[in-house]
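As structure tokens, the structure follows; a few thoughts come after it.
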Amino acid sequence: MPRPSRTTSNSSNSGSKDSIVLHARSISGTSTSSSSSSSRFYPMHPETPKVVEFELDNFKGRSIFMHRPSWTYDNPETAEMYPFRQLFHNRKRLWEWRIQGKFKRRPGALYVGIELEDYVPVNFATRSMMRGILPLIQAALQCKMVHHEVGDPTEPELRPTVVAPIWAADSTMVHENPAEAPDIGAAYLPSGLNRKAARQYWENLWAGNADPVWDSADSDGPTYTFALWGPSQLLDLRAWSFRKLPLMWGRSLAMEPFCGKQPVHAVIYELADGETAKRHYQSEKTYVCDIRLMTPAVWSDYAMGQEAGSPVRELSIEDDALSFCSALSGDSPPPDQEERLLNVDGPSFGGSSGSAPSKGPNRKPSSSSVGSPRGGPRSLLCRILTCRCRRSAREFDQLD
């Protein structure tokens, strides 16, 4: 059976529509103090996934991000090999994110998820779709405690965020002996704590209860291994779209109207106010891991100096079956500009650790992207109720 042709990207992450640009943020320099060290983004290569070492204020470790080729999504019969085929073949997951390392001190409340660098203006229809997608993410993570922050254009300390407590990770492993920790670059990882056991472990730790490893004077803390793949069936990062949503009758839904033309950061951070915090301010965050993801088109825009907050086509209720997906394309940045785009200073641009983020150049959201649905409230309600995506919904598949 013929299959779609494959596309590959080089080490600079080429402009193929089937590629994604990934960078891992890490402290640069020999000092481990955030006040005297700057941070830098180091390239990751999704076409040939490899473990990348990194270090941030309260964590030192390694990470790997694996994303299967798009031509394998609905092609289970293929015998052709591709990276980590043993992991993905005959499974519904599209990608898997693994992190392993040690905390420099006993951590407080931890959250894992995604965040944006800038506020994204959205109209009523797009905001309604957000409300519909959020329960699907909760189901994928099997966690009702998902925190969703849309951000505030007047408050740069509030980044748009969708995160859950760290125990919502699909697998958590804790090893007192680092030699017993698994190789996160292997095809398979051993089974770790399930969410119920992980929640009990972390809540005991956050409550300050006795812990034999952390309380030992001879120990520098356990080695932690996290693996996350639950939302991957919904998020096709190669196409930069939501995939197989029940409310979309199987059609893809572009991510761009929700996140704008800017990077998305996969993050783990510690929050100073802990689980009681109602809003997650940048000055209260200490980052554990920060992986920057973007399309080749956005990466190209960065090199050309275009505003990341440039207008995007917003969701309109009158769109046929909400088929507003945009085609993204672009070229890799010139070599002389790529180095500039990877370098960041401390808490700015890539995220903050204990202080408010400074806005980098060309990072202001454009007011021209603010839109509103056409027609009056009654007309809008009628269009929502008669929208094709509401006429029938497929049952949400059990995630693998």
request  = State whether one or more residues within segment 241-253 are buried (at least 19 other Cβ atoms within 10 Å of the Cβ), in contact with a helix residue (DSSP H, G or I) (Cβ under 9 Å, 6 or more places away or on another chain) and small (Gly, Ala, Ser).
outcome  = yes
message = Which count do you get for residues in segment 224-240 that are in contact with a helix residue (DSSP H, G or I) (Cβ under 9 Å, 6 or more places away or on another chain) and polar (S, T, N, Q)?
response = 2
query = Could we say that Glu53 is within 25 Å of Thr223 (Cβ to Cβ), surrounded by 16 or more Cβ atoms within 10 Å (Cβ to Cβ) and touching a residue at least 24 places away in the same chain (Cβ under 8 Å) here?
reply = no
message = So Met255 ticks every box in (1) in contact (Cβ under 8 Å) with a residue 60 or more places away in the chain; (2) in contact with a strand residue (DSSP E or B) (Cβ under 8 Å, 6 or more places away or on another chain) but one. Which box is left unticked?
response = (1)
Contacts under 9 angstrom Cβ, first residue in segment 215-229 being free of Cβ contacts under 8 Å to residues at least 60 places away in the same chain, partner of a type in the set (A, V, I, L, M, F, W, C) and part of a loop (DSSP other than H, G, I, E, B), 6 or more apart = Ser219/Val213
query = Which of the residues belonging to segment 267-292 are open to solvent by 10 Å² or more (accessible area, probe 1.4 Å) and either closer than 20 Å to Met130 by Cα or among the basic types (Lys, Arg) (or both)?
reply = Lys278, Arg279
task = Determine if segment 230-240 includes at least one residue that is open to solvent by 10 Å² or more (accessible area, probe 1.4 Å), on the phi > 0 side of the Ramachandran plot and either touching a residue at least 40 places away in the same chain (Cβ under 8 Å) or part of a strand (DSSP E or B) (or both).
result = yes
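The values are calculated or read from the model by the stated rules, or taken from the named source; none is laboratory data. Keep in mind that what you see is a predicted model, and the values were worked out from it rather than measured. Cβ coordinates were reconstructed from backbone atoms using ideal geometry, including for glycine residues, and neighbour counts include every protein chain displayed. Keep in mind that these areas ignore ligands, DNA and RNA; they rest on the heavy atoms of the full protein, side chains included. Shrake-Rupley method; radii C 1.70, N 1.55, O 1.52, S 1.80 Å.
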